[in-house]
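Below is one structure, written out as structure tokens; comments come after it.
Derivation of every value follows stated rules applied to the coordinates shown; laboratory data play no part. Given the structure is predicted, the values throughout are model-derived calculations rather than measurements. Positions of Cβ are backbone-derived with ideal geometry, glycine not excepted, and every protein chain shown enters the neighbour counts.
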Amino acid sequence: MRKMILLIVAFPLAAILFLGAPRPGVYENVTVHVDNTSDACAWITVYYGRFYLPWIIATGSARPGYLKPGENREFDVRMPNPLPVKTAEIKVRAQFESDAHCTKPTIDDKSAENKSIQLGSEGHATVSSKVEGTKGHYSVTRPS
């Protein structure tokens, strides 16, 4: 029983010593620029995370949406950072449709992620990713 209590008390204290004190209400931003150079319309979803968080779908101005061939879009991802961690994780997912007009069913689902995006001193980073391919052979480049 004593070991259990010691573990319950020691783990949060060790985390604070290792990572620093919690910072509630602190947000950081990653701008994700996505170019669709493929021949298909794609439904783009941007996810964010931290080593201590699961993937979370970005919302607000970064909410998912269609990207037709030749179009590009900037997703401004606002993510909470209660711990003084200066890396972010971003995943870009593209669900490709069988035409360029965003009216057909999904034929392919691809994603790429970067788990080591370095945030600047202002708590901001900018990364780019491409949605590419032709005739059913599609891919997403790693956000970097």
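Just to confirm a number: summing +1 for Lys and Arg and -1 for Asp and Glu over residues other than residue 38 whose beta-carbon lies under 15 angstrom from that of residue 38, what do you get? Walk me through the numbers on the way to the answer.
Working: positive: 68, 73, 93, 104, 110, 130, 135; negative: 35, 39, 71, 97, 99, 108, 109, 132.
With Lys, Arg at +1 and Asp, Glu at -1, the neighbours total -1.
Looking at the square roots a ≥ b ≥ c of the eigenvalues of the Cα gyration tensor of region 56-144, which shape do they give, rounded for a/c under 1.5, prolate if a/b is larger than b/c, or oblate?
On the way: a/c = 2.61, a/b = 2.14, b/c = 1.22.
In terms of gyration-tensor shape, prolate.
Looking at the square roots a ≥ b ≥ c of the eigenvalues of the Cα gyration tensor of region 28-94, which shape do they give, rounded for a/c under 1.5, prolate if a/b is larger than b/c, or oblate?
Numbers: a/c = 2.64, a/b = 2.42, b/c = 1.09.
Prolate shape, in that a/c is at least 1.5 and a/b is the bigger ratio.
Determine the sum of side-chain charges near residue 142: Lys and Arg each +1, Asp and Glu each -1, restricted to other residues whose C-beta is under 15 angstrom from that of residue 142. List each step's numbers first, then the result.
Details: positive: 91, 93, 110, 115, 130; negative: 35, 89, 113, 132.
Local charge sum for residue 142: +1.
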For 48, 66, 27, 138, order by how many other beta-carbon atoms lie within 10 Å, fewest first: 27, 66, 138, 48
